[in-house]
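To keep things clear, I will list the structure first and then write my remarks on it.
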Amino acid sequence: MDYRQLTKMAFEAQKKAYAPYSRFSVGAALLCADGRVFSGCNIENSSLGVSNCAERTALFTAVYEGYRDFTAIAVVGKSEEDEEFDLCAPCGICRQALSEFCDADTFDIILARTPDDYEVYKLKDLFPLHFILKN
């Protein structure tokens, strides 16, 4: 799957976001090594600590379904007030969650304004000092 298609899936997921408090809707599409894609949106709660980000929604669903080998994630987001999308990077918690399952040297994070206007970063570049507990 190319990154344009993956980004389109993130835009579709963003439409399903539940963000009545921040009014900032995020969508994500997580690409597995075998080509399967898991999408997610942010889901807020009036007790903000109970809220979940789009990236972790996609990741946790994939892990629940038995997937552990990921190659990329596309992330899109915007505020209700904004007419256009700008780059929306994963928060620190999502970066840490991704680092648990993704190779920081090879895993791509695609941040998109449109399906044709996106930037690609390695996880290691956005999260260089991630925490890994050695077994």
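Each value in this text was obtained by applying a stated rule to the coordinates, not by laboratory testing. Note that this is a predicted model, so its numbers are computed, not measured. As a convention, Cβ positions derive from the backbone with ideal geometry for all residues, glycine included, and neighbour counts pool all protein chains shown.
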Loop-resident sites, region 36-76, for GluC sites (Glu not before Pro), counting at most 13 other Cβ within 10 Å (DSSP): 65
Lysine pairs meeting the criterion (Cα under 24 Å, 8 or more apart or interchain), as found in the chain: 8
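Counting other Cβ atoms within 10 Å of each Cβ, which trypsin sites (Lys or Arg not before Pro) in region 1-108 have at most 16 and sit in a DSSP loop? Can you show the working numbers first?
Working: sites: 4, 8, 15, 16, 23, 36, 56, 68, 78, 95; in loops: 15, 16, 23, 36, 68.
Loop-located and lightly packed - 15, 16, 23, 36, 68.
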Alpha-carbon centroid distance for the pair region 1-44 / region 67-135, whole angstrom: 11 Å
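In deg cm²/dmol and to the nearest 500, what is the mean residue ellipticity at 222 nm of the chain if only DSSP H runs of at least 4 residues count, each as -39500 (n - 2.57), divided by the residue total?
Working: 4 runs with 37 residues, N = 135.
It comes out at -8000 deg cm²/dmol, rounded to the nearest 500.
Within region 27-131, list the chymotrypsin sites (Phe, Trp or Tyr not before Pro) lying in a DSSP loop whose Cβ has at most 13 other Cβ atoms in a 10 Å radius. If you can, show how the numbers build up before the last one.
Working: sites: 38, 60, 64, 67, 70, 85, 101, 107, 118, 121, 131; in loops: 67, 85, 107, 131.
Answer in residue order: 131.
Placing unit charges on C-beta atoms (Lys and Arg positive, Asp and Glu negative, everything else neutral), compute the dipole magnitude of the chain about its Cα centre in debye, rounded to 20. Numbers along the way, then the final one.
Values: 14 positive and 21 negative charges, 89 e Å.
About 420 debye.
Note the per residue figure in Å³ for the convex hull of the C-alpha positions in the chain. Working shown, then result.
Values: hull volume 14.6 nm³, N = 135.
Once divided by residue count, the hull of the chain is 108 Å³.
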